[in-house]
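All remarks here apply to the structure that follows.
The values are calculated or read from the model by the stated rules, or taken from the named source; none is laboratory data. Keep in mind it's a predicted model, so treat the numbers as computed, not measured. Counting neighbours? That spans all protein chains shown, and the Cβs are built from the backbone with ideal geometry, glycine included.
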Amino acid sequence: MTSLQKARELLGGVPYSLAGLAHAFANAGHRAEAEELLQELVTYQRYYVDPYNLAIVNSGLGERERVFEYLEKAYRARSMWMACWIKSDPRLDPVRSDHRFADLLRRVGMA
């Protein structure tokens, strides 16, 4: 996590780096820190926050329904992140077995 915290410092709080840090905190059992960063991302006004990044954080937190809520928003927004990473991003492994994930892959053209 130290490298992710350093990335946050160097990148000036770019949403992708904050989402990665929040996911790492969640996976390490630091739920409060992850939720704090998630709240920061939800209310962020400095940069656009792609819904895909919010899905990643919620995946780390085990919030399955929220993951799909944000993945659906990312799909509707034609997220670059989704188009590039949904099929291989290991941070989404906890939801891959859900039929909604297969449906998203199909709609994105990756199934």
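What is the number of the single condition among (1) farther than 17 Å from ARG31 by Cβ; (2) in contact with a Leu (Cβ under 6 Å, 6 or more places away or on another chain) that GLY109 does not meet?
(2)
With the checklist (1) modelled with pLDDT under 95; (2) of a type in the set (Gly, Ala, Ser); (3) part of a helix (DSSP H, G or I) in hand, flag the one item ALA111 doesn't pass.
Just one mismatch for ALA111, condition (3).
Conditions (1) polar (S, T, N, Q); (2) under 14 Å from the mean Cα position of the chain (by Cα), marked per residue:
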residue	(1), (2)
ASP50	no, yes
ASN58	yes, yes
GLU63	no, yes
ARG76	no, no
MET80	no, yes
CYS84	no, yes
ARG91	no, yes
LEU105	no, no
GLY109	no, no
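Within the group ARG66, ARG46, which residue is outside any helix (DSSP H, G or I) and surrounded by fewer than 22 Cβ atoms within 10 Å (Cβ to Cβ)?
ARG46
Scan ALA83, ALA28, ALA55 and give me the residue that is touching a residue at least 12 places away in the same chain (Cβ under 8 Å) and buried (at least 17 other Cβ atoms within 10 Å of the Cβ).
After applying the criteria, what remains is ALA55.
Looking only at segment 31-43, count every residue that is among the aliphatic types (A, V, I, L, M), under 14 Å from GLY60 (Cα atoms) and crowded, with 16+ Cβ neighbours inside 10 Å and tell me the total.
Qualifying residue count for the region: 3.
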